[in-house]
Amino acid sequence: MEASTIPRVKDVAFALAAAGECGQQLGRLPLQKMIYLADVLAPIWREISKPAQFKPYYNGPYDYHIQNTVDALVFRGFVTVSDANFRQIKTIECRYSLTLGGKELVNKLTHVNGLKDDFTLFQEIATEVERRGWQNIKSLVYAEPTYDCAVIAQNPERLRTESPTKNLSRSFLRDFRDSMVGFDGKPVSRRNLVQMYFAVLSRHATIKSESLTKEFA
C-alpha cells in the first residue's frame, strides 16, 4: 500500500510540513488540533477531504484515524519521532517531523496529485498559530464555536465539520465573507478570511480565560 492511500495521510503530512516551515515539530495533541482547525476551515476554503471523525475529547477534538496514520507514516519512514516521554502506561508524549522521504511525499501530493491548494490552507493556519504562539493552539481550538458548543451541551457525538449547518465556524465565515468586500470592491480574500477568523478565536479564548479567572478568584 502506498503512503498516499492511507486515510488522513494528506492531512498529517501537510500539518507536519506547514508546522516545519515555522520551525515547529508537533506533538500528538497539537497535531490533532491543527488538523481539526483545517477541517473546520476547509469547507469555506474549498470542499476537500472526507467527512471528519472528530469527537469531543477531554484534551480537545480527537480523531483516532490521525494517530493511526502518523504511526503508519513513522513505520514507513516518512515521519520521525523525537523527545519521546512515557508518562503513563499507554500514554506517550513525543514530537513528530517529516523525514526527507516525508517531504518528498508532500511534494508529490501538492504537485503530482494536485493538492497544492489544500496545503496552502495548512500553511495559512500554521502562520496564524505561529503569530499567537504554538503553546496557545489548545485555547484556540477550545474557542472554536462547533467544539465549544458541543462541550457546553455535553454532546459526545461526532463533530460535524462537513455539515453546512453543524459547522458553526463555516456558517459564521460564510456570512462574514458574503457581507464584506475589500477596498477595491472585490470579495474578501481567503487569506484575510483566515486572519480574521483567528483574530476572533483569539478574542474568544481571551474572554473565556478571563471568565474562568473571575470564577475561581
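Just so it is clear, none of the values below were taken in a lab; they were calculated from the coordinates. Keep in mind the model is a prediction, meaning the values are calculated, not measured. Positions of Cβ are backbone-derived with ideal geometry, glycine not excepted, and every protein chain shown enters the neighbour counts.
Longer than 29 Å from Cα to Cα, which of Lys33/Lys116; Lys103/Lys166; Lys108/Lys186; Lys166/Lys208; Lys10/Lys208 are they? Say none if no pair is. From Lys33/Lys116; Lys103/Lys166; Lys108/Lys186; Lys166/Lys208; Lys10/Lys208, over 29 Å: Lys103/Lys166; Lys108/Lys186; Lys10/Lys208.
Between Glu210 and Asn68, the FRET efficiency from the beta-carbon distance, with R0 = 35 Å, is close to 0.40.
Taking amide hydrogens as placed 1.01 Å from N in the peptide plane, the amide H of Leu26 sits under 5 Å from those of Tyr96, each at least 5 positions away in sequence or on another chain. Maximal additional length on extending the Thr127-Asn107 stretch stands at 5.3 nm, based on 0.36 nm per residue less the C-alpha distance. Arranged from fewest to most other beta-carbon atoms within 10 Å of their beta carbon, Met34, Met196, Met180 become Met180, Met196, Met34. Take each peptide in 61-67, 169-175, 7-13, 189-195, count the other Cβ atoms within 10 Å of every residue, and average; sorted highest first, the result is 7-13, 61-67, 169-175, 189-195. Going from the fewest other Cβ atoms within 10 Å to the most, the residues Leu121, Leu16, Leu41 appear in the order Leu121, Leu41, Leu16. The fewest-to-most ranking of Asp117, Asp39, Asp148 by surrounding Cβ atoms within 10 Å reads Asp117, Asp148, Asp39.
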